[in-house]
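The values are calculated or read from the model by the stated rules, or taken from the named source; none is laboratory data. Only a predicted model underlies this, so the values are computations on that prediction, with no experimental measurement involved. Here the Cβ positions follow ideal geometry from the backbone for every residue, glycine too, while neighbour counts run over all protein chains shown.
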Amino acid sequence: MTKGLSERQGVLSRLTGTNMAIANMLILISDIVMLFVCTWFYQNGQVGFDGFLIPLIALMSSFGPVTALAALGTTLQSTVASGARVLAIVDEEPETKDITDKAPIDFEDAEVKDVSFSYAGEIMLVCHMSFQQ
């Protein structure tokens, strides 16, 4: 199930990247066209410098929030899915039960060094730190 999910996530990531590249290319083309149009109006004396600069800045700065809002569906979908997985893990019952009917054990001089954990032959965690109590 994880492998299938990873494959689907890869397809979604490639589609998102392609869509972002196309959108950014269209934004760049629009910016260049606006630059040439504003330059043409300014050189022909139809607008002053403020008429050249303000529309150009307005167009170039307007696409950031729009593209972020457009990408919200993709990013929000994976965020909600991740949150659901975290909540499912939190709601799981532990496999080991707490021992409550025994007296607590006090000990001193515990030392941990070069500890690793593996599951099904795959190393999950390696710790090279020393700890002494």
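Provide a single number: the residues in the range 9-58 that are of a type in the set (Gly, Ala, Ser) and either touching a helix residue (DSSP H, G or I) at 6+ places or on another chain (Cβ under 6 Å) or touching a residue at least 24 places away in the same chain (Cβ under 8 Å) (or both).
Qualifying residue count, the range 9-58: 2.
Could you run through the range 85-120 and say how many residues are on the phi > 0 side of the Ramachandran plot and of a type in the set (Gly, Ala, Ser)?
Of the residues in the range 85-120, 1 are on the phi > 0 side of the Ramachandran plot and of a type in the set (Gly, Ala, Ser).
Condition test on Leu125, is it without any contact (Cβ under 8 Å) to a residue 12 or more places away in the chain, of a type outside the set (Ser, Thr, Tyr) and in a helix (DSSP H, G or I)?
Against the criterion (without any contact (Cβ under 8 Å) to a residue 12 or more places away in the chain, of a type outside the set (Ser, Thr, Tyr) and in a helix (DSSP H, G or I)), Leu125 does not qualify.
Just for the range 89-116: of the residues that are among the hydrophobic types (A, V, I, L, M, F, W, C) and surrounded by 10 or more Cβ atoms within 10 Å (Cβ to Cβ), which one is modelled with the highest pLDDT?
Of everything passing the filter in the range 89-116, Val115 is modelled with the highest pLDDT.
Limited to the range 72-88, what total is found for residues that are β-branched (Val, Ile, Thr) and either surrounded by 11 or more Cβ atoms within 10 Å (Cβ to Cβ) or not in a helix (DSSP H, G or I) (or both)?
Count: 3.
Please verify whether the range 22-34 includes one or more residues that are more than 30 Å from Thr75 (Cβ to Cβ) and polar (S, T, N, Q).
no
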